[in-house]
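Visitor: Sharing a structure, written as structure tokens. Questions coming.
No lab work stands behind these numbers, since they all come straight from the coordinates. Bear in mind the structure is a predicted one, so any value in this text is a computation, not a measurement. Please note: Cβ atoms are built from the backbone with ideal geometry, for glycine as well, and neighbour counts cover all protein chains shown.
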Amino acid sequence: MHLRTRTAVTLSAAASLIGLAGLTPPASAAAPSKDTYCSVVVERVKPGDRVSRMKSRTCSDDRATAATAATRNSSAATKLMTWYQHAGYDGAITDVYGDYGPCDASGYVLDAGLSRYMISSFETYNSCDGQQAVLNDGQTTFYYYGYATPYVGDRANDDIGYFKVWDAL
């Protein structure tokens, strides 16, 4: 059950406030395939890196199979986000897990290119109640708060390059 729905706030160039300005976003999402469920495990951002490194990625026609395979080698993997291809939590799904536990004040920086599809809605878990989405232009930023976003908005729809997620409370 989702406790609250968030409201987006547009802030051009706000990405520089938390160090995401100047990131070169992925050119486009990967081509669709029959695998509609993906699970990705990422590390925290390391010194010298701008984004969290991917440790593993598994895609399957079965969500449980993808999740089990992606987290098999990481007993500490904690679910951070679920990205959906379409608004209303519909379409292909990418579950993102953090290898260092739930979100804290420093959080994770997630390359949306880890998803095989573009993002139209998302959910967050485990204290990741603050989200900053940087669009593919590298400048336009949206902030979301809470745990459920049924639609990212017309401007951000299918155009998110990066997410920073953290514990905002």
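Visitor: Roughly speaking, what is the centre-to-centre gap between segment 130-169 and segment 50-81 when only Cα atoms are used, to the nearest Å?
Guide: Between the Cα centre of segment 130-169 and that of segment 50-81, the gap is 21 Å.
Visitor: Would you please give the FRET efficiency between Ala64 and Ala168, computed as 1/(1 + (r/R0)^6) with r the Cβ-Cβ distance and R0 = 35 Å, to the nearest 0.05?
Guide: 0.70
Visitor: Sticking with this structure for a sec: Obtain the nm distance between the two label points defined at Asp104 and Met54 by a simple spin-label model: each point lies 7 Å from its Cα along the Cα-to-C-beta direction.
Guide: Result: 2.6 nm between the two label points.
Visitor: For Asp154 and Arg72, FRET efficiency with R0 = 45 Å and r from the beta-carbon atoms, rounded to 0.05?
Guide: Values: r = 39 Å, r/R0 = 0.86.
For R0 = 45 Å, the calculated efficiency reads 0.70.
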